[in-house]
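One structure is given here, and the rest of the page talks about it.
The values are calculated or read from the model by the stated rules, or taken from the named source; none is laboratory data. Predicted model only: the values in this text are computed from it and were never measured. Here Cβ is always computed from backbone atoms with ideal geometry, including for glycine, and neighbour counts include all displayed protein chains. Calculation scope for accessible area: heavy atoms of the full protein, side chains included, ligands and nucleic acids excluded. Shrake-Rupley method; radii C 1.70, N 1.55, O 1.52, S 1.80 Å.
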Amino acid sequence: MNIGDKVRLIHSKEEGIVTRFLKNDVVEVEIEEGFKLPVLRKELAVVSKAEDKAFKPQARVQETIAPQRSSSERSSSHVKADKGIYLAFLPINDKLVSLHIINNSDWDLPYSLTCGSEKTHRGLMGGFLSARSFQKYPIDLDLKDFDDWGNLSFQAFYYNFGYFTERPTFVKRMRLRANTFFNHKKSAPILVKDCFLFQLDAEDLPLVINPAELKERMMQPKTEEIPLKSVEKPAPTIDLHIEQLTTNFLSMNNAQMLDLQLRTFETKFENAIATGMDEIVFIHGVGNGVLKQEIQKKLAGHKNVAWFQDAQKEKFGYGATRIKIK
């Protein structure tokens, strides 16, 4: 028996998901949304995947409060709501939240949610999410672990029974790292509960979470949401030579040029982190070494830097720095 297993209470008809192991051979089981029971391990039976698939296929795939539409209804109706895909973080206490994927659109969504780097990802959730329904991640999330999640990637196909106009695959990538999480507290559709809510199919910033502040402000009332701006993914190599940044460099003194170069570096580096890049190279030149020294000061000890080194010495000599982002 493992966390996330579906189990049945031997002496009753309830079924649920294992969420925690407690002391004295007691297991915490969530039998319905938000309602958890401590149960002796010997009073539980694991529901096999074969049994679950044969007898309750919909329960295995998703939780939903919307009635299923008939084939005739689905084939004759057109899509009315094209958008409405959300990640919802439901506060449980000052340390834990539960993660839900909500589909408030009229599309059915075969989907996957993964985390990791650009090259290697780990599957978190996946399946078939019917229109006007939600699915819950089986394990509650500890706020202190959010920084370790890395990049999240959500991918989905749009599907309806019958005839419809084909839509491109939906892909959203985000990173759990910054500090605007609290401006998103509102009532989640379908769940109808106050959550930290992020609409994946809206034009907004990558998902941003500050675990330390989240613990302090988890139960604060809803605040007015601040409009978000999109983040542009930078090129893998950024040239910081002043003539590449402005046409007015002849009228600038050394301090002004250095300030512009550092501000450009900071903006491009933060955007690289926010958009989930694995690494980035900055060409700063050799010169008197001041720009390189200032850049490496900012990189030293940075929580999102795995390492940095001189890049492509055969091409740039000591005039470029390669940064590995974690």
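Here are a few things to note about the model shown:
- Criterion violated by ALA66 - all others in (1) in contact with a Lys or Arg (Cβ under 6 Å, 6 or more places away or on another chain); (2) modelled with pLDDT of 70 or more; (3) among the small types (Gly, Ala, Ser); (4) farther than 30 Å from LYS324 by Cβ satisfied: (2)
- Cβ pairs under 6 Å, 6+ apart, first in the stretch 98-111 and open to solvent by 10 Å² or more (accessible area, probe 1.4 Å), second in a strand (DSSP E or B): PRO110/PHE128; TYR111/LEU129; TYR111/ALA156
- Residue, most open to solvent (accessible area, probe 1.4 Å), within the stretch 250-276, restricted to residues that are small (Gly, Ala, Ser) and more than 35 Å from the chain's Cα centre (by Cα): SER251
- Identity of the residue in the stretch 277-313, assigned to a helix (DSSP H, G or I) and polar (S, T, N, Q), that ends up surrounded by the fewest Cβ atoms within 10 Å (Cβ to Cβ): GLN293
- Filter result for the condition that a residue is surrounded by 16 or more Cβ atoms within 10 Å (Cβ to Cβ) and modelled with pLDDT of 85 or more, over LEU207, LEU191, LEU214: LEU191
- Here GLN58 fulfils each of the conditions (1) under 19 Å from GLY126 (Cβ atoms); (2) open to solvent by 60 Å² or more (accessible area, probe 1.4 Å); (3) at pLDDT 80 or above apart from (3).
- Unmet requirement for TYR86, which otherwise passes all of (1) aromatic (Phe, Trp, Tyr); (2) open to solvent by less than 30 Å² (accessible area, probe 1.4 Å); (3) in contact with an Asp or Glu (Cβ under 9 Å, 6 or more places away or on another chain): (2)
- When PRO138 is tested against the conditions (1) modelled with pLDDT under 85; (2) open to solvent by less than 70 Å² (accessible area, probe 1.4 Å); (3) assigned to a loop (DSSP other than H, G, I, E, B), the lone failure is (1).
- All positions within the stretch 174-188 that are in a loop (DSSP other than H, G, I, E, B), modelled with pLDDT of 60 or more and under 24 Å from GLU270 (Cβ atoms): LEU176
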